[in-house]
1. Report whether or not ARG162 is touching a Gly at 6+ places or on another chain (Cβ under 8 Å), surrounded by 10 or more Cβ atoms within 10 Å (Cβ to Cβ) and modelled with pLDDT under 70.
2. Could you please find all residues in the range 3-61 being surrounded by 10 or more Cβ atoms within 10 Å (Cβ to Cβ) and of a type in the set (Lys, Arg)?
Amino acid sequence: MEISEILRDRFTLGLLLGLLVALATWKSGFSARRRLAKDLRKAEVELRELQGHLNIQLKINAQGNDVVQRELDELRKQNENLRVNVVTLQSKPGRTELRHAQVMEAAVRLMREQAPGFAPSWERVMRQAEAEFEAAEGGFRKLVRRVLPGSGGIASSGGGDRGVADTDV
């Protein structure tokens, strides 16, 4: 049998045709695997870059959060210190009297606005009290108040300075 006879045989033709199809399929698969391997390497490199970027971003966020947390803790400490200071200042001697004086001043302001005849008489009494207080701070009344603490004060004065206060009105 010669080669030409072998090539004319149906089995040989089918075998050659099958081998040709198998070779084309193998070459296509080989090319696809090479292309997939190249894409896989490219994706792995891109994944490593993205993970690096993500790690950097997370570190930056963690540092920012740490700074914010430290500032928040510091502000909480300052708030607590200020709260303690306010409580301490409010409990110092004389603070209740000062608060009471402020409340009284607010009440007087309201009375001036609301009561029509209150303001002139109040101003007159205030001037009289101021004059008595100034007189009590200096001179004989001061001495009398030191010697006899219950007398010589503003409340116990008999209104001898009333004429002076009335002339100011």
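1. When the stated conditions are applied, ARG162 does not pass them.
2. ARG8, LYS27, ARG33, ARG34, ARG35, LYS38, ARG41, LYS42, ARG48, LYS59
To keep it simple, each residue is scored yes or no on (1) modelled with pLDDT of 95 or more; (2) of a type in the set (A, V, I, L, M, F, W, C); (3) under 30 Å from ARG124 (Cβ atoms); (4) outside the structural domain of ARG124 (by TED's automatic domain parsing).
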{"residue": "VAL45", "(1), (2), (3), (4)": "yes, yes, no, yes"}
{"residue": "ASN55", "(1), (2), (3), (4)": "yes, no, no, yes"}
{"residue": "GLU74", "(1), (2), (3), (4)": "yes, no, no, yes"}
{"residue": "ARG99", "(1), (2), (3), (4)": "no, no, yes, no"}
{"residue": "MET111", "(1), (2), (3), (4)": "no, yes, yes, no"}
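The values are calculated or read from the model by the stated rules, or taken from the named source; none is laboratory data. Keep in mind it's a predicted model, so treat the numbers as computed, not measured. Ideal geometry is used to build each Cβ from the backbone, glycine not excepted, and the neighbour counts take in all protein chains shown.
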